[in-house]
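To start, the structure itself, in structure tokens.
The values are calculated or read from the model by the stated rules, or taken from the named source; none is laboratory data. Computed from a prediction, not measured in an experiment: that's the story for all the values here. Note that each Cβ is placed from the backbone with ideal geometry, even for glycine, and that neighbours are counted across all protein chains shown.
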Amino acid sequence: MKLFNIELIKNKRKIIGFSGFLILLSLLGILYSTFNTSYKKPINLGMDFVGGNELRIERVCKGGCSDVSPDSVLENLRRISNNKTFLNNIKLQFQNDNKLISIRSPYLSIEESNNLITNLENIIGPLNYESKDSRLIGPKLGKRLLTNCVTSLLVSLLAISIYITIRFDRKYALFALLALFHDLIIVFGIFSWLGILLSVEVNSLFAVSLLTIAGYSVNDTVVIFDRIRENLRSRKEGFNETIQLSVNESIRRTTFTSITTLIPLLSIMLFGSYSLFWFSLSLSLGIIVGSYSSILLAPSFLLKE
């Protein structure tokens, strides 16, 4: 009995139907994020793209840090603060088991920042000033970074499209590109839902992950298509049977390659910094979805009825 034996012909409709469901769910998230959220974007853009001030500082806790509601802290800040205007646009998050405080706001002067920290300490207790970390990104720089990220993604997709078209005939190229866009839309849609449900923001690393996913997905699909094309030249079975055989011959290599790539990403998610967690998660999702589309979806498009 083979370790991997995919009944591609039998499950073609199920595979395409499942992918259609994932894309529909992703598009719903994108549309909901665009029209029914406060930021009115297909995805919750972070400070890298929209600009602003970010301040991070750790609490001093004996044992575990107590659970604190961001809404109640903001309410207390408005009550004791002299300048209540900028507090209307502040986002406050508690991370790493309520130890790390992340404050996102429009531009703050040094005096305003220091007053904010002092008031925050009066509300939630002592803070570790040595852990204080702040950064500022202007709105023009954020907009330029967003434009550059979108441009680089579009140029990369165009280059991949040209390469696939040269490497294969039009039918193979079309199905490889469909699988590629399938992967990108699903990962993008997942992060749209994460922004809606968990207020997860994406930064420039997310754009890097999409570029990496695109390259990884195309590479896997090319490997599968190369094996199909080779077997079709000297086939002894029928057309559909040859495609199914080619997939089963390639699946071991593709699966093990994906697993070895996921292991270090999982390690980063478990033991790395918070800033790398969502980057590693987006890459992991892209590798899983990309492997699925390369092994099952793209070859299913080639099958004849």
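It is to be established whether one or more residues within the range 32-53 are of a type outside the set (D, E, K, R), free of Cβ contacts under 8 Å to residues at least 40 places away in the same chain and not in a loop (DSSP other than H, G, I, E, B).
yes
Restricting the search to the range 24-72, which residues are in contact with a Pro (Cβ under 9 Å, 6 or more places away or on another chain) and farther than 20 Å from Val187 by Cα?
Val50, Gly51, Gly52, Asn53, Arg59, Val60, Cys61
Yes/no matrix, rows are residues, columns are (1) in the same structural domain as Leu157 (by TED's automatic domain parsing); (2) without any contact (Cβ under 8 Å) to a residue 12 or more places away in the chain; (3) in contact with a Lys or Arg (Cβ under 6 Å, 6 or more places away or on another chain); (4) assigned to a helix (DSSP H, G or I):
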site	(1), (2), (3), (4)
Tyr216	yes, no, no, yes
Asn219	yes, yes, no, yes
Glu237	yes, yes, no, no
Glu241	yes, no, no, yes
Ser246	yes, no, yes, yes
Arg253	yes, no, no, yes
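Considering each residue of the range 5-14, count those that are surrounded by 14 or more Cβ atoms within 10 Å (Cβ to Cβ) and either at pLDDT 95 or above or part of a loop (DSSP other than H, G, I, E, B) (or both), and give that number.
Adding up the residues that qualify gives 4.
Name the residues in the range 258-274 that are of a type in the set (S, T, N, Q) and either in contact (Cβ under 8 Å) with a residue 24 or more places away in the chain or not assigned by TED's automatic domain parsing to the domain that holds Trp193 (or both), would you?
Answer for the range 258-274, where residues must be of a type in the set (S, T, N, Q) and either in contact (Cβ under 8 Å) with a residue 24 or more places away in the chain or not assigned by TED's automatic domain parsing to the domain that holds Trp193 (or both): Ser258, Thr261.
Looking only at residues in the range 260-279 that are within 18 Å of Val208 (Cβ to Cβ) and of a type in the set (S, T, N, Q), which one is surrounded by the fewest Cβ atoms within 10 Å (Cβ to Cβ)?
Let us first name the residues in the range 260-279 that are within 18 Å of Val208 (Cβ to Cβ), namely 261-262, 264-265, 268-269, 272-279.
Filter again for of a type in the set (S, T, N, Q), leaving 261, 273, 275.
Values: Thr261: 15, Ser273: 8, Ser275: 10.
If we take residues in the range 260-279 being within 18 Å of Val208 (Cβ to Cβ) and of a type in the set (S, T, N, Q), then Ser273 is surrounded by the fewest Cβ atoms within 10 Å (Cβ to Cβ).
Select, from Leu141, Leu145, the only residue that is in contact with a strand residue (DSSP E or B) (Cβ under 9 Å, 6 or more places away or on another chain) and not charged (D, E, K, R).
Just one listed residue meets the conditions, Leu145.
Quick test of your reading of the structure: Asn36 fulfils all but one of (1) among the polar types (S, T, N, Q); (2) farther than 30 Å from Ser250 by Cβ; (3) surrounded by 18 or more Cβ atoms within 10 Å (Cβ to Cβ). Name the failing condition by number.
The one condition Asn36 does not meet is (3).
Going by the conditions given, is Gly195 in the same structural domain as Ser275 (by TED's automatic domain parsing) and in contact with a helix residue (DSSP H, G or I) (Cβ under 7 Å, 6 or more places away or on another chain)?
Yes.
With the requirement that a residue be of a type in the set (Val, Ile, Thr), part of a helix (DSSP H, G or I) and either touching a helix residue (DSSP H, G or I) at 6+ places or on another chain (Cβ under 9 Å) or touching a residue at least 12 places away in the same chain (Cβ under 8 Å) (or both), what does the range 102-145 give you?
Ile117, Ile123, Ile124
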